[in-house]
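Reviewing the structure listed below.
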Amino acid sequence: MQDMEKQESPSVQQDNPAVEAAAAPAAEQAAPAAAAEPTLEDKLAAAEARAAEMQDAFLRARAEGENIRRRAQEDIAKAHKFAIEGFAESLLAVKDSLEMALKIENASLESLKEGVDMTLKQLTSAFEKNKLQEVSPQAGDKLDPMKHQAVSAVPAEQEANTVVAVLQKGYMISDRLLRPALVTVAQGK
């Protein structure tokens, strides 16, 4: 009888659809769970691929940074080399006028004076175009040590430390002093 039960059990289990239905989903769940979880080799391969991508991106960014730095240095070198190009171009007309004046053989004093006046106007125009401004204080102006250089103090009938006379004009480029004006100032009473 036990033999019969043993024989019935396997056949019952095989013929029983409920047992088969319960066993099938368990087997299906085990298979995707094993397939969904990557193996260590897969994780390592993915990490190595990502590291290679990051290294490539780093090297490209580094090369781009070097190229930008090199281009900036070249631009700075060109700017230093050709910084006075505009000013030099403005002065060419002044030089041409002076050379033409020297070529005139029988120039009268009046024609020379007229030529010098025209040349001075060209030079003044070149200065204005390139933001080169005169520093020429008037008599009685307060001494400004940032723009004026006092070469002597003389007795005068005006307030102390005021300009008495301008010996040489000064010049500024934009807001920077190129040369201070040389002045004499009034002594204190």
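General observations
- Surface composition of the stretch 31-189: carbon and sulfur make up 58 percent of the accessible area, probe 1.4 Å.
- C-alpha center-to-center spacing [the stretch 111-189, the stretch 48-101] in angstrom: 37
- For the listed residue pairs Lys81/Lys142; Lys95/Lys129; Lys78/Lys129; Lys78/Lys103; Lys78/Lys121, the alpha carbons are over 28 angstrom apart in Lys81/Lys142; Lys78/Lys103; Lys78/Lys121.
- A full extension of the chain between Asn106 and Asp175 corresponds to an added length of 20.4 nm, given 0.36 nm per residue minus the alpha carbon distance.
- Note that the stretch 72-160 presents 81 Å² accessible area per residue, ligands and nucleic acids not counted, probe 1.4 Å.
- Ala153 versus Glu74: modelled label distance in nm, points set 7 Å from Cα along the beta carbon direction: 5.8
- Taking GluC sites (Glu not before Pro) across the stretch 65-142, the ones in a DSSP loop with at most 10 further Cβ atoms lying within 10 angstrom of their Cβ are Glu105.
- Probe 1.4 Å - accessible area at Ile104, Å² to nearest ten: 100
The values are calculated or read from the model by the stated rules, or taken from the named source; none is laboratory data. Source: prediction; values computed, not measured. A quick note on method: Cβ atoms are made from the backbone with ideal geometry, for glycine too, and the neighbour counts reach across all protein chains shown. Ligands, DNA and RNA are stripped out before the accessible areas are found, and what is left, the full protein with its side chains, is counted by its heavy atoms. Shrake-Rupley method; radii C 1.70, N 1.55, O 1.52, S 1.80 Å.
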